[in-house]
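The values are calculated or read from the model by the stated rules, or taken from the named source; none is laboratory data. From a predicted model like this one, the values you see are computed outputs, not experimental measurements. Cβ: placed from backbone, ideal geometry, glycine included. Neighbour counts: every protein chain shown.
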Amino acid sequence: MSNRESRVLLSESGDPADPGLDIRFRYRDEDFASVLSAHDVLAASLGSGTTAKLDFYNPPEDRIAAIREQALDGYHQIGTTRMGDNPRESVVDRNCRVHGVDNLFVASSSVFPTSSSANPTFTIIALAHRLGDHLARLS
């Protein structure tokens, strides 16, 4: 689920040549619990076999704190031109067209309404391919 506390705004630096960005990246407790749950599932899966196992650096009571410590900014700013049906809550429609602009499309992770934990490149490629097909049908 997306976090409405996370957002990207133009900064109020006062320099019109370089307004910059004010990135407000926020995590929720559920985000940390989800990462820990994924680690637990991976550990259980690996532990059921004979070829590998997952060793944790931290004891169970310290794992959430360790995840919080490593959570800096995600490195993938996703959702800054969010996709959706409602122009009041999104920037592009389901075909990546900017609401209210006939010939402006965006294909990037910025249109994702939410994200997984990492590595959006494959989804970006699939989205760009889908957009290309859509544009070809329009012409």
Checklist outcome for this item: Over the range 13-38, the set of residues acidic (Asp, Glu) and surrounded by 12 or more Cβ atoms within 10 Å (Cβ to Cβ) is ASP22, ASP31
Item to check | Yes/no for GLY74 being small (Gly, Ala, Ser) and modelled with pLDDT of 90 or more | outcome: no
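Look through the range 35-66, keep the residues that are hydrophobic (A, V, I, L, M, F, W, C) and touching a residue at least 24 places away in the same chain (Cβ under 8 Å), and return whichever of them is farthest from SER115 (Cα to Cα).
From the range 35-66, those hydrophobic (A, V, I, L, M, F, W, C) are 35-36, 38, 41-44, 46, 52, 54, 56, 64-66; that's our starting set.
Those still in the list that are touching a residue at least 24 places away in the same chain (Cβ under 8 Å) too: 35-36, 38, 64.
Details: VAL35: 13, LEU36: 17, ALA38: 15, ILE64: 20 Å.
The selected residue is ILE64.
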Checklist entry - Within the range 83-100, is there a residue that is closer than 22 Å to ARG7 by Cα, within 14 Å of the chain's Cα centre (by Cα) and not aliphatic (A, V, I, L, M)? => result no
Next on the checklist: Quick test for you: out of ARG4, ARG94, pick the one residue that is in the same structural domain as SER109 (by TED's automatic domain parsing) and either of a type in the set (Asp, Glu) or in a loop (DSSP other than H, G, I, E, B) (or both).
Outcome noted: ARG94
